[in-house]
Amino acid sequence: MKTVEELTKDKKLYIFDFDGVIADTGNDIAACVQKTQAHFGAEILSKDEIILNVGLGAKHLIEKTVCNSCDVTLDEAVSWYADCFYENCVVETVIYDGFKYLLETLREQGHSMCVVTNKPLRVSERSLELLGIREFFDVVMCPENTPKMKPAPDGLLISMFMTGFLPENTVMVGDSASDIEAGKAAGVKTCGVLYGIGNTEKLLAADADVYVNSPAEILSVW
């Protein structure tokens, strides 16, 4: 009988970040942060200022955009934001052009796909369901089911363990430096997407194995 590793040796595991890779979530994130700022009397920041703090989880985002300018505890602000975002996670959010075709093609070729994101679990699951793409992913790893968030490699390592893939047959696809750092720490190939909402300068400085300008280009990388 063949081992899981033998069965998957000719296939690949594609691990995707969510925000800025699968879907353009910037408008909905910014809108919910601004509602949180208004609710607690914090300074209202622009979308661009808010997006600069995306990628390291909700606590980091709210600490930098809400708690820095008003008298509210981090836990209270994060809880309010999380409820707001759950209800409004796919108002203006759209899948990037060509990304669903990418998922369909990878599945037809027999590859596996997972999501590893610092986005809250219930929001991630709801977003994937509402966007009609949850079925493509074998595993969805979020802060609630990962010991440590990116840039730690935990979510990637767990995804590989659960799907039976080795690092040499796995690629991490992300739009932020933390995605690339997590991929390198896990010993997998790394792909930086330049079409996302992450900080491009920091993404380039992270020195991914390859960079792409569209979802379609991911198909021709490996």
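Here are a few things to note about the model shown:
- Label-reachable residues, the stretch 113-142, where backbone N falls under 17 Å from a point 7 Å from residue 219's Cα toward its Cβ: 113
- In order through the stretch 94-99: 3J(HN,Hα) via Karplus (6.51 cos²θ - 1.76 cosθ + 1.60), integer Hz, x for Gly, Pro: 9, 5, 4, 4, x, 6
- Packing order of peptides 148-156, 179-187, highest average first: 179-187, 148-156 (average count of other Cβ atoms within 10 Å over each peptide's residues).
- Note on residue 101/residue 162: beta-carbon distance plugged into 1/(1 + (r/R0)^6) with R0 of 25 Å gives a FRET efficiency of 0.45.
- Taking Lys and Arg as +1 and Asp and Glu as -1, the other residues whose beta-carbon sits under 14 Å from that of residue 21 total -4.
- With helices as the sole contributors, the chain gives -12000 deg cm²/dmol at 222 nm; each DSSP H run of n ≥ 4 counts as -39500 (n - 2.57), and the sum is divided by every residue.
- Relative contact order (percent, whole number), the stretch 113-222, Cα cutoff 8 Å, 6+ residue spacing: 19
- Annotation: amide H of residue 57 has no partner in the under-5 Å range at sequence separation 5 or more or interchain, hydrogens built in the peptide plane.
- Under 5 Å from the amide H of residue 141 lie the amide H atoms of 115, 116, 117, each residue being 5 or more positions distant or on a separate chain, with H modelled from the backbone and absent for Pro and chain starts.
- Label of the coordinate-derived value, semi-axes √(5λ) of the Cα gyration tensor in Å, listed as (i) 33, 24, 13; (ii) 28, 26, 16; (iii) 31, 17, 16: (iii)
- Distance from the C-alpha centroid of the stretch 83-113 to that of the stretch 193-222: 17 Å, rounded to the whole angstrom.
- Considering only alpha-carbon pairs that sit under 8 angstrom and 6 or more positions apart, the relative contact order computed for the chain is 25 percent.
- A simple count of charges around residue 100, restricted to other residues whose Cβ falls under 15 Å of its Cβ and scoring Lys, Arg +1 and Asp, Glu -1, yields -4.
- For the peptides 17-30, 105-118, residues were scored by their other Cβ atoms within 10 Å and the scores averaged per peptide; the highest-first order is 17-30, 105-118.
- Using the Karplus relation 6.51 cos²θ - 1.76 cosθ + 1.60 with θ = phi - 60°, the per-residue 3J(HN,Hα) values for the stretch 52-67 come to 4, 9, 7, x, 10, x, 5, 4, 4, 4, 6, 4, 7, 9, 10, 5 Hz, with x marking Gly and Pro.
- Over every Cα atom in the stretch 86-153, the radius of gyration and the widest Cα-Cα span, Dmax, amount to 12.8, 35 Å.
- Using the Cβ of residue 198 as centre and a radius below 9 Å, the other residues enclosed give a net charge of -3, where K and R count +1 and D and E count -1.
- Normalised by the number of residues in the stretch 26-87, the mean separation of alpha-carbon contacts (under 8 Å, six or more apart) gives a relative contact order of 38 percent.
- Positive dipole terminus of the stretch 26-87, leading residue within 67, 85, 29 (C-beta point charges): 29
- Counting only Cβ charges, +1 for Lys and Arg and -1 for Asp and Glu, the dipole size of the stretch 26-87 around its Cα centre is about 120 debye.
Values quoted throughout were computed directly from the atomic coordinates according to the rules given, and no laboratory measurement underlies them. Note that the structure is a prediction, hence the values are computed from the model and not measured. Note that each Cβ is placed from the backbone with ideal geometry, even for glycine, and that neighbours are counted across all protein chains shown.
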